[in-house]
Amino acid sequence: QLVESGGGLVQAGGSLRLSCAASGRAFGSYAVGWFRQAPGKEREFVAAISRSGDKTYYADSVKGRFTISRDNAKNTAYLQMNSLKPEDTAVYYCAARVGAGIRWTTNEYDYWGQGTQVTVSS
């Protein structure tokens, strides 16, 4: 089970840190991704991190502003979001996939959280 938290309302230029807490099996066995879905749009990839945390990958739209990280001892992944823009407004989901390797398509993830709303005002 994955549970996201940390969403909220922030002004443009501000920051938020999302957390994704996992329960159940060893968190370090899963690669983790963050996705987002804005109203009327498809769910899109934001960032992903390998099982050990040594590899990360970002969508071009967030590169340089967002940072994905994880703490396997705490069974938690994070998404630090800086310099937020109104177009970052969406429900943010974390997802976990069995096996090694970073992936950026939704159908390659096995478990999903319920999502947390991020709203950036202009």
Consider GLN114 carefully, then state whether it is assigned to a strand (DSSP E or B), touching a residue at least 12 places away in the same chain (Cβ under 8 Å) and open to solvent by 50 Å² or more (accessible area, probe 1.4 Å).
no
Name every residue in the range 60-111 that is under 17 Å from LYS41 (Cα atoms), assigned to a loop (DSSP other than H, G, I, E, B) and at pLDDT below 95, in order of residue number.
TRP104, THR105
Restricting to the range 39-54, what's the tally of residues that are surrounded by fewer than 14 Cβ atoms within 10 Å (Cβ to Cβ) and on the phi < 0 side of the Ramachandran plot?
5
Being over 13 Å from the mean Cα position of the chain (by Cα), crowded, with 19+ Cβ neighbours inside 10 Å and closer than 21 Å to SER5 by Cβ is the requirement here; does VAL120 meet it?
yes
Mind checking which residues of the range 23-55 are more than 15 Å from CYS94 (Cβ to Cβ), modelled with pLDDT under 95 and hydrophobic (A, V, I, L, M, F, W, C)?
ALA26
Which residues, counting only those in the range 28-65, are more than 24 Å from LEU84 (Cβ to Cβ) and over 15 Å from the mean Cα position of the chain (by Cα)?
GLY28, SER29, SER52, ASP54
Count of residues meeting criterion [crowded, with 16+ Cβ neighbours inside 10 Å and free of Cβ contacts under 8 Å to residues at least 24 places away in the same chain] in the range 67-86:
1
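The values are calculated or read from the model by the stated rules, or taken from the named source; none is laboratory data. Because the structure is a prediction, the values reported are computed rather than measured. Every residue, glycine among them, receives a Cβ derived from its backbone with ideal geometry; neighbour counts consider all protein chains shown. Heads up: the accessible areas ignore ligands, DNA and RNA and are worked out on the full protein's heavy atoms, side chains in. Shrake-Rupley method; radii C 1.70, N 1.55, O 1.52, S 1.80 Å.
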